[in-house]
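Take a look at the structure below.
The values are calculated or read from the model by the stated rules, or taken from the named source; none is laboratory data. Note that the structure is predicted; figures quoted are calculated from it, not measured. Cβ coordinates were reconstructed from backbone atoms using ideal geometry, including for glycine residues, and neighbour counts include every protein chain displayed. Protein only, heavy atoms only, side chains kept; ligands, DNA and RNA dropped before computing areas. Shrake-Rupley method; radii C 1.70, N 1.55, O 1.52, S 1.80 Å.
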Amino acid sequence: MKTEFEQAQQDYEDFYNTYQESLKKEKPKELNEDDLRILKQTYRKATKLCHPDKVTDDQKELAQKVFNDLKEAYDNNDLEKVKSILSDLEKGFFKSQGETITIKEKLVLIKHQLETKRKALEESLKYLKNTEIHRKVIKIDNWEIYFEETKQQFQKMIEELEVNQD
């Protein structure tokens, strides 16, 4: 059976993880009626070009990723990202079933996938650099001292909890 401290620690970790996930999720942008109409049209056009059921078997995995990115952008009312994905798709990255794909086309697809991943990582990095945690971490000059001080703080907290438990 868990002690109260262990239960509290588990509750805190659960809350913290849920909170961190909620920070990662973007809130939908506010769009006017015209932009919402354009978003919907652009999204529908793009889904027809990258739907995993409509591409060759060797492209299904990439198509699913693009499709998921497209859906996420649509759900967040990110018109610019939906337009960008459509623009990329209109360059002919995917072949319909029955068509064959050359090695050059496969390499172009892989290049596009890597560029998309790079962009996503750059956006994540920008986000992380603007967090309070990042600002605190870059201010730490000596990690050994930081960890020792943190350890002492936790030991003091444990002692206080044990005293209060009695």
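Quick one: compute a quarter of the convex hull surface over the Cα atoms of the chain and quote it in nm². Provide the component values of the computation, followed by the final result.
Details: hull surface 65.1 nm².
Its Cα hull, projected and averaged over all orientations, spans 16.3 nm².
Tell me the net charge near residue 149. Cut-off is 14 Å between Cβ atoms, residue 149 excluded, with +1 for each Lys or Arg and -1 for each Asp or Glu. Write out the running numbers ahead of the final one.
Numbers: positive: 136, 139, 151, 156; negative: 141, 144, 148.
Residues close to residue 149 contribute a combined charge of +1.
Going Cα to Cα from residue 111, which aspartates and glutamates come in below 13 Å? Please leave out same-chain ones fewer than 8 positions away.
Cα-Cα hits under 13 Å: 88.
For segment 116-166, count the residues as N, evaluate 2.2 N^0.38 Å, and divide the Cα radius of gyration by that value, please.
On the way: Rg = 17.8 Å, N = 51, 2.2 N^0.38 = 9.8 Å.
That works out to 1.82 for segment 116-166.
At 222 nm, what helix-only mean residue ellipticity would the chain give, in deg cm²/dmol to the nearest 500, using -39500 (n - 2.57) for each DSSP H run of four or more?
Working: 7 runs with 124 residues, N = 166.
After summing the helix terms and dividing by the residues of the chain, the value is -25000 deg cm²/dmol.
Can you give me the accessible area per residue for the chain, using a 1.4 Å probe, in Å²?
Numbers: 13480 Å² over 166 residues.
Here the per-residue accessible area is 81 Å².
Rounded to the nearest 0.05, what FRET efficiency do residue 122 and residue 146 give with R0 = 35 Å and r taken as the Cβ-Cβ distance? Could you check? Don't skip to the end; give the middle numbers.
Working: r = 28 Å, r/R0 = 0.81.
It comes out at approximately 0.80.
Please get the size of the charge dipole for the chain, origin at its Cα centre, with Cβ charges of +1 on Lys and Arg and -1 on Asp and Glu, quoted in debye to the nearest 20. Show your work: numbers first, answer last.
On the way: 31 positive and 36 negative charges, 307 e Å.
Charge dipole, the chain, about its Cα centre: 1480 debye, nearest 20.
In segment 119-166, if the dipole is taken from +1 on Lys/Arg beta carbons and -1 on Asp/Glu beta carbons about the Cα centre, which of 154, 143, 165 is farthest to the positive end?
143
Taking the highest mean first, how do the peptides 33-39, 126-132, 79-85 order by number of other beta carbon atoms within 10 angstrom per residue? Walk me through the numbers before you get to the answer.
Working: 33-39: 12.4, 126-132: 9.9, 79-85: 18.3.
Ranked by mean Cβ neighbours within 10 Å, highest first: 79-85, 33-39, 126-132.
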